[in-house]
Amino acid sequence: MSATTARPLPPNPANAVLERLEAGGALLLDTPENLLEVVHILDSYGVVLDAYSRNLCYIAENEFLVLFPFFKYFNGQVTPGKLWQHWLHDRINFEYAEYCMKAMFWHGGGGLDAFLDGPEFRQLADRAIRARWRSNPVMLGLHQVFPDFWPELIRQSAYYSALGQFWRVMSDMFASLAARYAAGEIRQIPDVATHVRDGLVAAAAIPITYSVEIHGDRYDILPASAGLTFLADTAIPYVEAVFFRGTPFPGTVSYNAQAHQIPDEQNQFAYGALFADPLPIGGAGIPPTQLMQDMVHYLPEELKQFYANRTRGSRDVRVKICESFQKSMFCVTTGALLGLAPYPLTTDVPEQQAANRQFLGPWLDRISTTRLSRVNAFC
């Protein structure tokens, strides 16, 4: 093999995707319709993520060790009007943000998960618990009898904060994508993937920290000394937990162990956004329904018109939103792969290409069982 000749790939679907990536393409095929859908749905998603991020950070900072946070979705603004909107469901569905947080919390991974299982976190949590309940012997007694109870709630609070910080960056990234599209700078699907890559790389080293105020003093939960960062400790675990693994949707499969409808091992879960069938969207108990409902309110006019001109018009708009959203997540996944690969995927240096292929192999094996082929079949 010469210094400029790549080793040929045997024909199979995964290798076809690899060749497209190495040619400068993306997981999602490049068509004008795909570009319109992806950019505009990410614009809508960015608005929703802004609200999700603010609420998750509010809960982490203001509902710390609150056993019954009845008003956690109100961001500290509890009024009769907001209560009425809440009861009528005329609001952002922050439950979906919690669904994603709990998926990350349960699947774990990355430095955040490792830190929360370590001795330093135990010491920091114990200090915060004793400060929070210093005048409440009952709660302190509960801590003595059940020493894992309060720390587990604090672990969850840490994930509220970490996901909120992660979504803050992603919301701004998607807003800037829409602005660049409007300015004519985003012209094709690979441009979207490159924009995401550049955003992830630029934010990679942003520290993930978390502290709470108790009786006027600040208490670290995720200190800067832990060295947690945006890309390694929130972005990658998020892709794993939400894009790939997810959790089974209630009502669609049996949770009964004897039914064997759910894999025995977490790493075999395939309920994430890249696997989701859009048709159940709109059904009770399907968490993404809440996200699609939130995005309905923020669709750009051009995307509304695009949906209206397709089969069934706006009658199945949530299904259409889910389809567009899934396409956009394949673009985000492409951006993540571009950012994580050891070398530019378009390199023609055999050693670099071999390293890239070794990195991409496991990812493409997993992606081969997602809905990518079906999504691209309609392009």
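The values are calculated or read from the model by the stated rules, or taken from the named source; none is laboratory data. Everything numeric in this text was worked out from a predicted model, so none of it was measured. Cβ coordinates were reconstructed from backbone atoms using ideal geometry, including for glycine residues, and neighbour counts include every protein chain displayed. These accessible areas exclude ligands, DNA and RNA; they are computed on the full protein's heavy atoms, side chains included. Shrake-Rupley method; radii C 1.70, N 1.55, O 1.52, S 1.80 Å.
Quick look at the numbers
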item: Per residue accessible area in Å² of the chain, where ligands, DNA and RNA are left out and the probe is 1.4 Å; result: 48 Å²
item: Pairs of Cα atoms farther than 11 Å apart, the range 261-300, %; result: 71 percent
item: Global geometry of the range 268-357, whether rounded, prolate or oblate, following the gyration tensor of its Cα atoms and the 1.5 cut on a/c; result: prolate
item: Amide proton proximity set for Tyr210, modelled H, under 5 Å, gap of 5+; result: Ile221, Leu222
item: Protein accessible area in the range 84-232, 1.4 Å probe - carbon and sulfur %; result: 55 percent
item: Carbon/sulfur fraction of accessible area - the range 242-283, other protein chains in place, 1.4 Å, %; result: 50 percent
item: Partners for Lys72 among lysines (Cα-Cα distance below 26 Å; same-chain residues under 8 apart left out); result: Lys82, Lys102
item: Normalised per residue, the volume of the convex hull around the Cα set of the range 17-80 (Å³); result: 151 Å³
item: Environment charge at Glu323 (Cβ cut-off 12 Å; Lys +1, Arg +1, Asp -1, Glu -1); result: +2
item: The chain, dipole about Cα centre (Lys/Arg Cβ +1, Asp/Glu Cβ -1), debye to the nearest 20; result: 560 debye
item: Stokes-Einstein D in µm²/s, Kirkwood radius over Cα pairs - the range 64-221 at 4 °C with 1.567 mPa s viscosity; result: 69 µm²/s
item: The range 231-275: C-alpha gyration tensor shape, a/c 1.5 cut-off, then a/b vs b/c; result: prolate
item: Euclidean distance of C-alpha centroids, the range 278-292 and the range 120-136, integer Å; result: 39 Å
item: The chain, helix-only ellipticity at 222 nm - DSSP H runs n ≥ 4, -39,500 (n - 2.57), divided by all residues, nearest 500; result: -18000 deg cm²/dmol
item: Amide hydrogen neighbours beyond the local backbone of Gly25, cut-off 5 Å, H modeled; result: none
item: Equivalent ellipsoid, the range 126-167 (semi-axes from 5 times Cα gyration tensor eigenvalues, Å); result: 25, 11, 6
item: Range of Cα positions in the chain per principal axis (Å), largest first; result: 72, 51, 51
item: GNM top mover of Asp277, Asp43, Asp348 - the chain, alpha-carbon springs below 10 Å; result: Asp348
item: Heavy-atom accessible area ranking, 1.4 Å probe, most first, across His143, His86; result: His86, His143
item: Spread of Cα-to-Cα distances over 10 Å intervals beginning at zero, given as percent, for the range 1-136; result: 9, 21, 24, 21, 14, 8, 3, 0
item: DSSP H segments from the chain that extend 18 Å or more along their own axis, Cα-based, with Kyte-Doolittle mean of -0.5 or above; result: 32-62, 94-107, 149-182, 189-203, 317-340
item: Mean shadow area of the range 204-357, taken as a quarter of the surface of its Cα convex hull (nm²); result: 15.6 nm²
item: Cα pair count fraction exceeding 17 Å, expressed as % - the range 37-116; result: 59 percent
